[in-house]
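Notes follow once the structure below has been shown.
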Amino acid sequence: NDVTLRVVDVGVVGEDTFQGGNVISSPSKLVDGTRNFCKESAMSSEQCKQCIQIGKNYLKEVVAETKSKVVVLGEVGIGNTTSSSALIAALTSRPPEQICGGGAFATRELQESAVAKKISIVKKALSLHFAAGNDGVCADNVSAVDAIEKLGGAEIASMVGAMLQASELDLAILVDGFIVTAAALVAVSMDPRVCRVLFFASRSAESGQGMALEKIKAISRANDIPYDETPALSMGLRMGEATAGLLAVNLLRSSAAVLSSMATIQEILS
């Protein structure tokens, strides 16, 4: 589908780096990864800013190189539906039970005990950082910057930076799925103008995505910014890695062609 691929390592633990081909390590990556958000902040304020800046810088670099008009954002992470669920719970003031699902493992036999453990972990983190009650519900004044710093992860923060930069460049963003939607919620909470460049590729099987989309819609309306929260695809994907975003690329191309190049009835009949 004629898409240029770039994979940027922002938080793989270790000093080893990837350099060459489509996979590179940022020189500013978090070599020690993020920390246990049930015990302390996932990142320091400086580390969080560092990851956001990585996303901004690489987005700007790739666009300058490829002259792209659309960017598809995806991620590779282990356990990052938990971080995403915590972020969405913090920024929507919804109970974790309504947000947490089985993640990638729900494609196999889903163990309810695993989901219950995820809910417990998210509640513990929200209680530690935002004084959430026993139900895990946060007050409605949690700041997006505070949330991403305390809950992580590095890859989500970098996607937030990429979205903020894309908005500055008036560049369309294809949002991949649950985890990238969490990043979109953070970015929109930081700068509502990001709403206008978002195109959601896929309706996630994770119920938390719907909560995030509702919150983004509320932010767009409060700021009188046009926004369509309806995902293009609904295929029950639980894959991440920009899979749905790449599937939606040709839909976006076709839609643009219809709007810009399709003949009118009058033109056909003349």
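Between amide H atoms placed 1.01 Å from N, distances below 5 Å from residue 9 occur with 24, 25, 26, all of them 5 or more places distant or on a separate chain. The value of relative contact order for the stretch 152-197, using C-alpha pairs under 8 Å at least six residues apart, is 47 percent.
Dipole magnitude for the chain: about 260 debye, using +1 per Lys or Arg Cβ and -1 per Asp or Glu Cβ, origin at the Cα centre. State, as an integer percentage, the relative contact order of the chain based on alpha-carbon contacts under 8 Å between residues 6 or more apart. After rounding, I find 22 percent. Helical content alone sets the calculated 222 nm signal of the chain at -15500 deg cm²/dmol, taking -39,500 (n - 2.57) per DSSP H segment of four or more residues and averaging over every residue. In terms of overall dimensions, the C-alpha atoms belonging to the stretch 120-170 reach 42, 21, 12 Å along their principal axes, ordered largest to smallest. In this structure the chain gives 51 Å² per residue of accessible area when probed at 1.4 Å with all protein chains present. The distance between label points at residue 251 and residue 207 comes to 2.4 nm (points 7 Å beyond Cα on the Cα→Cβ vector). With Cα atoms as the point set, the stretch 1-122 shows a radius of gyration and Dmax of 17.0, 48 Å. With 26 Å as the limit, write out which pairs from 69/150; 29/123; 49/215 have Cα-Cα distances beyond it, or answer none. Going by Cα-Cα distance, 69/150; 29/123 fall outside the 26 Å limit. Not counting ligands, DNA or RNA, and with a 1.4 Å probe, what is residue 260's accessible surface area in Å² rounded to the nearest 10? The accessible area of residue 260 comes to roughly 90 Å².
Checking (i) 0.99; (ii) 1.02; (iii) 1.06 against Rg/Rh (Cα atoms, Kirkwood Rh) calculated from these atoms, the matching label is (i). Compared with the alpha-carbon gap, the fully stretched path from residue 32 to residue 235 is longer by 69.5 nm at 0.36 nm per residue. Considering only alpha-carbon pairs that sit under 8 angstrom and 6 or more positions apart, the relative contact order computed for the stretch 1-82 is 21 percent. Modelled spin labels at residue 225 and residue 67, positioned 7 Å past Cα toward Cβ, are 2.9 nm from each other. Among 153, 127, 172, pick out the residue whose Cα is farthest towards the positive end of the charge dipole of the stretch 67-205, where Lys and Arg carry +1 and Asp and Glu carry -1 on C-beta, about the Cα centre. My answer, from the dipole projection, is 172. If you take all C-alpha pairs in the stretch 83-222, what percent of them are over 27 Å apart? Summing the P(r) of the stretch 83-222 above 27 Å gives 16 percent of all pairs. Mind running the shape call on the stretch 181-268? Use the C-alpha gyration tensor, a ≥ b ≥ c as the square roots of the eigenvalues: rounded below 1.5 for a/c, prolate if a/b tops b/c, oblate otherwise. Oblate is the answer for the stretch 181-268, as a/c is 1.5 or above yet b/c matches or exceeds a/b.
Comparing mean-square fluctuations of 230, 66, 92 from a GNM of the chain with C-alpha springs under 10 Å, the top value falls on 66.
The values are calculated or read from the model by the stated rules, or taken from the named source; none is laboratory data. Source: prediction; values computed, not measured. A quick note on method: Cβ atoms are made from the backbone with ideal geometry, for glycine too, and the neighbour counts reach across all protein chains shown. Surface areas here come from the heavy atoms of the whole protein model, side chains and all, with no ligands, DNA or RNA. Shrake-Rupley method; radii C 1.70, N 1.55, O 1.52, S 1.80 Å.
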